[in-house]
Structures are given as C-alpha cells and as structure tokens.
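> The following block contains the structure, expressed as structure tokens.
The values are calculated or read from the model by the stated rules, or taken from the named source; none is laboratory data. Nothing here was measured: the structure is a model prediction, and the numbers come from that model. Here the Cβ positions follow ideal geometry from the backbone for every residue, glycine too, while neighbour counts run over all protein chains shown. Remember, those area values only see protein heavy atoms, side chains included, never the ligands or the DNA or RNA. Shrake-Rupley method; radii C 1.70, N 1.55, O 1.52, S 1.80 Å.
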Amino acid sequence: NLPPVLAVTAPAKTNLTPVTITGTVDDHLTAVQVNGQPAARSGLTFAVAVPLTIGNNALTVVATSPNGLGTTQTATIVRGTPPAIASVAPGQGSKLYANALAVISIAASDQEQDPVQYQVRLDGVVWADWDGATSYTWQPAMNQAGAHTIEIRARDGFGGDAVAQRQVFVLRKPVAPQ
C-alpha cells in the first residue's frame with residue numbers, strides 16, 4: 001500500500017539523441033512511463049529511448065504500482081552539440097618531405113564552450129590519442145614516401161565527434177641544382 005520506489009539514471013548533459021533513460025523500481029509489476037512513453041521492462045529495471053531537442057529538455061518519469069499509487073521524478077537534460085572542426089593543416093593534397101618536420105594543426109569550436117579533445121590517426125592507426133593539444137609534429141621517414149591519410153577527430157565530453165580527413169603525400173626532398 002505504498003507508492004513505488006523509483007530510481008532514475010539520466011545524464012545532465014549529452015550531445016546525443018535519442019538518449020536512453022534507465023532506472024529501477026521495487027516491484028516487477030510497476031508500470032513506468034518517461035514523458036508519456038512506456039518504458040521497456042526487465043524484472044525491476046526499465047529503459048526507454050527519449051528524443052531530445054537542442055537546449056533544455058524536461059524529463060518526467062512516472063511509476064505506477066498495480067494498486068494505482070504513483071511516484072513521479074523530474075529532471076532536465078541539456079542537449080548540446082558536438083564540436084565542429086574549423087581547420088586542419090596541412091591541407092588536402094599537401095606535399096610533405098621525408099625527413100623534414102611537418103606540423104599538424106587543428107582548430108575546432110564548441111557552441112557551448114565545452115573543452116575539446118583531439119585524436120589523430122595516420123592511415124587508420126591512432127597516432128595521437130585523445131588530448132587537448134591543437135598541434136602535433138610528424139617527421140615522416142624516407143620509407144613512408146607516398147600517399148597518407150591524416151584523420152582528425154574532435155570531441156567534447158558529452159558524446160558525438162567531428163571528423164576531418166586530409167590526404168597528404170610524402171616525397172623525397174628535391175635535390176638543389178648545382
């Protein structure tokens with residue numbers, strides 16, 4: 001004869017939609033709705049995917065026991081945006097010389113001013129893992145002559161990422177005429 005005990009797990013902020021709201025109730029017969037949408041149940045746990053719009057999203061979770069008693073919890077989830085990559089250097093089709101230092105630089109922005117991290121991949125292999133640096137140096141060896149793909153990923157801590165790819169060519173440095 002008591003209202004259901006309800007525990008809800010939802011992020012305070014995310015860049016992803018839909019977002020899965022999960023939680024538990026104390027009775028396997030309790031019905032759960034999130035923003036009017038029935039939640040899938042498995043024993044005492046529930047889950048439901050809720051679409052979000054950019055900005056603040058109100059979340060109302062209602063648990064109703066078989067005897068008609070209910071418990072309601074509310075929350076707000078902020079949906080932001082992933083960062084956008086503004087520029088990557090070297091540019092598409094750039095020529096780099098073997099045994100010469102090349103600088104890979106990145107500029108990205110995030111609408112909500114969230115800190116941005118970067119990952120650099122060279123030919124599909126992680127070369128610099130997630131960190132906040134905006135420039136990296138690479139000194140291709142002579143045996144790396146040919147076409148290479150530099151892939152830059154930018155993310156904030158709330159899901160989603162932006163990707164930019166540049167194909168560059170490593171060449172042997174020309175010999176100066178005598």
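> Is there any pair linking a residue in the range 134-159 that is touching a residue at least 40 places away in the same chain (Cβ under 8 Å) to one that is open to solvent by less than 50 Å² (accessible area, probe 1.4 Å) and of a type in the set (D, E), with Cβ under 6 Å and at least six apart or on different chains, and which?
D156/D110; D156/D114
> Would you pick out the residues in the range 11-31 that are touching a residue at least 40 places away in the same chain (Cβ under 8 Å) and within 17 Å of G160 (Cα to Cα)?
Listed by number, the residues that qualify are P11, A12, K13, T14, N15, L16, T17, V19.
Per-residue answers, yes or no, for (1) open to solvent by 70 Å² or more (accessible area, probe 1.4 Å); (2) at pLDDT 95 or above:
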{"position": "D123", "(1), (2)": "yes, yes"}
{"position": "Y136", "(1), (2)": "no, yes"}
{"position": "P140", "(1), (2)": "no, yes"}
{"position": "I150", "(1), (2)": "no, yes"}
{"position": "A154", "(1), (2)": "no, yes"}
{"position": "D161", "(1), (2)": "no, no"}
{"position": "V168", "(1), (2)": "no, yes"}
{"position": "P177", "(1), (2)": "yes, no"}
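> Need pairs with beta-carbon distance below 6 Å; first residue on the phi < 0 side of the Ramachandran plot and within the range 46-58, second of a type in the set (A, V, I, L, M, F, W, C) and open to solvent by 20 Å² or more (accessible area, probe 1.4 Å); sequence gap 6+ or separate chains.
So the pair list comes out as A47/A40; N56/V78.
> Kindly establish whether A164 is of a type in the set (A, V, I, L, M) and more than 17 Å from A89 (Cα to Cα).
no
> What number of residues within the range 23-44 are of a type outside the set (G, A, S) and either loosely packed, with under 15 Cβ neighbours inside 10 Å or part of a loop (DSSP other than H, G, I, E, B) (or both)?
Residues flagged as of a type outside the set (G, A, S) and either loosely packed, with under 15 Cβ neighbours inside 10 Å or part of a loop (DSSP other than H, G, I, E, B) (or both) within the range 23-44 amount to 9.
> Name the residue, out of A84, A40, A75, that is among the small types (G, A, S) and touching an Asp or Glu at 6+ places or on another chain (Cβ under 9 Å). Write out each step before concluding.
Working: A40 fails: touching an Asp or Glu at 6+ places or on another chain (Cβ under 9 Å); A75 fails: touching an Asp or Glu at 6+ places or on another chain (Cβ under 9 Å).
Step by step, each of A84, A40, A75 is checked, and only A84 is among the small types (G, A, S) and touching an Asp or Glu at 6+ places or on another chain (Cβ under 9 Å).
> For V34, which of the numbered conditions (1) over 26 Å from E112 (Cβ atoms); (2) without any contact (Cβ under 8 Å) to a residue 60 or more places away in the chain fails to hold?
(1)
> Check the range 37-48 and report whether any residue there is under 30 Å from A162 (Cβ atoms), touching a strand residue (DSSP E or B) at 6+ places or on another chain (Cβ under 7 Å) and not polar (S, T, N, Q).
Yes, there is a match, as at least one residue in the range 37-48 is under 30 Å from A162 (Cβ atoms), touching a strand residue (DSSP E or B) at 6+ places or on another chain (Cβ under 7 Å) and not polar (S, T, N, Q).
> Taking the range 45-78 as the region of interest, how many residues are among the hydrophobic types (A, V, I, L, M, F, W, C), open to solvent by 20 Å² or more (accessible area, probe 1.4 Å), assigned to a strand (DSSP E or B) and touching a Gly at 6+ places or on another chain (Cβ under 9 Å)?
3
Yes/no matrix, rows are residues, columns are (1) assigned to a loop (DSSP other than H, G, I, E, B); (2) of a type in the set (A, V, I, L, M); (3) more than 30 Å from K13 (Cβ to Cβ); (4) out of contact with any Ser or Thr (no Cβ under 8 Å at 6 or more places or on another chain):
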{"position": "V88", "(1), (2), (3), (4)": "no, yes, no, no"}
{"position": "Q92", "(1), (2), (3), (4)": "yes, no, yes, yes"}
{"position": "E112", "(1), (2), (3), (4)": "yes, no, no, no"}
{"position": "P115", "(1), (2), (3), (4)": "yes, no, no, yes"}
{"position": "W127", "(1), (2), (3), (4)": "no, no, no, yes"}
{"position": "I152", "(1), (2), (3), (4)": "no, yes, no, yes"}
{"position": "G159", "(1), (2), (3), (4)": "yes, no, no, no"}
{"position": "A162", "(1), (2), (3), (4)": "no, yes, no, yes"}
{"position": "Q165", "(1), (2), (3), (4)": "no, no, no, no"}
